[in-house]
Amino acid sequence: MKANLMHATVRRFAVLALLPVALGALPAAAQTGPVSDFLPSGEYVLEVSGKLVPKAEIYQSTYASAILVLSSELPSPVRLNPRAQSVETVNLMKIAKQGDGSITLLPDSTLQPQGTFTFADEDVIFSVDGKACKLKSKPALVGLHPAADLKAYKPEYLRNEARYAANGGLLQTLKKGAPATRVRIFFGSWCPHCTAYMPSMFKVEEGVQGSAIQFEYYGLPRPPAMANDPEAKKAGVNAVPTGIVYDAAGKELGRISGDDWRQPEGRLVALLVPGAPKS
């Protein structure tokens with residue numbers, strides 16, 4: 001299990017390293033322009049000198065292929081560059097927070113080398129001015145939760161919900177014609193596919209408020225423990241995200257999986273209002 005977790009962490013950082021590089025291509029020197037897509041991330045928590053820092057702010061940038069860490073426990077903001085596996089600090093005065101919650105590194109910001117980072121199991125280990133630091137994967141959100149809990153857990157969910165444009169006609173069909181139904185979505189807070197696609201269901205849930213459809217979200221532990229979760233075993237769930245639709249008597253009517261997540265309201269219409277138009 002430890003090896004699997006470590007490899008998963010390495011893969012996450014490797015994906016960042018393969019993305020287009022702006023800051024990552026430059027040495028510790030003045031940048032040529034602002035980089036503005038450091039977005040809040042809920043993937044990690046910070047530990048400094050063996051103590052969890054709950055108020056640390058962690059951001060990820062696909063454009064810069066980097067992670068930015070802000071904390072009062074550190075002397076300066078810290079940038080981790082997966083491409084070079086390097087650790088650098090940047091002057092706090094060269095960081096600007098935007099109205100949408102993102103961070104911009106201002107022109108002429110200078111990166112000061114702090115060495116490299118390493119991996120230990122699922123942790124990313126580095127030091128800043130002699131302080132031992134770790135980025136740790138956030139504990140999985142497990143068990144039954146309402147959508148509000150998920151949105152509070154990881155900002156990526158909120159961003160991906162906002163990006164999804166649900167089909168208004170299909171939502172009205174569900175709101176007016178769906179019978180009493182319970183939709184349980186099995187997900188992994190650690191799962192990138194869940195992060196990308198599951199938030200579309202939040203938009204659907206909001207769009208059918210007042211209908212006979214109830215939604216619930218069931219978080220599973222990381223693999224391999226996921227396979228032994230009693231609710232997942234009972235439902236025969238071996239991949240996430242998976243939505244299971246039940247009627248009022250608890251009988252399964254169908255599932256939402258694979259490409260269904262590109263338009264989950266369409267799948268729900270097909271299951272619950274089969275004679276209705278699908279678009």
- Message: Under 6 Å between Cβ atoms, which residue pairs at least 6 apart in sequence (or on different chains) link something in region 36-63 that is under 19 Å from Leu92 (Cβ atoms) with a partner that is surrounded by fewer than 18 Cβ atoms within 10 Å (Cβ to Cβ) and basic (Lys, Arg)?
- Response: Val48/Lys131
- Note on the structure: Checking Leu150, Leu174 in turn, the sole residue that is under 18 Å from Arg255 (Cα atoms), out of contact with any Cys (no Cβ under 6 Å at 6 or more places or on another chain) and surrounded by 20 or more Cβ atoms within 10 Å (Cβ to Cβ) turns out to be Leu174
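Condition check ((1) modelled with pLDDT of 95 or more; (2) out of contact with any Ser or Thr (no Cβ under 7 Å at 6 or more places or on another chain); (3) surrounded by 18 or more Cβ atoms within 10 Å (Cβ to Cβ)) across all residues:
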residue: Val35; (1), (2), (3): no, no, yes
residue: Glu47; (1), (2), (3): yes, yes, yes
residue: Val69; (1), (2), (3): yes, yes, yes
residue: Gln85; (1), (2), (3): no, no, no
- Answer yes or no: is there a residue in region 238-258 that is assigned by TED's automatic domain parsing to the domain that holds Tyr164, polar (S, T, N, Q), closer than 14 Å to Lys175 by Cα and surrounded by fewer than 20 Cβ atoms within 10 Å (Cβ to Cβ). no
- Message: What are the pairs with Cβ atoms under 7 angstrom where one residue, in region 70-89, is at positive phi and the other, located anywhere, is in a strand (DSSP E or B)? Sequence gap at least six, or different chains.
- Response: Gln85/Thr116
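Being more than 18 Å from Arg159 (Cα to Cα), of a type in the set (A, V, I, L, M, F, W, C) and either out of contact with any Lys or Arg (no Cβ under 8 Å at 6 or more places or on another chain) or modelled with pLDDT of 95 or more (or both) is the requirement here; does Leu80 meet it? Write out each step before concluding.
Values: more than 18 Å from Arg159 (Cα to Cα): yes; of a type in the set (A, V, I, L, M, F, W, C): yes; either out of contact with any Lys or Arg (no Cβ under 8 Å at 6 or more places or on another chain) or modelled with pLDDT of 95 or more (or both): yes.
Yes: the conditions hold for Leu80.
The values are calculated or read from the model by the stated rules, or taken from the named source; none is laboratory data. As the structure is a computational prediction, the values presented were derived from the model and not from experiment. FYI the Cβ positions are ideal-geometry reconstructions off the backbone, even for glycines, and counts take in every protein chain you see.
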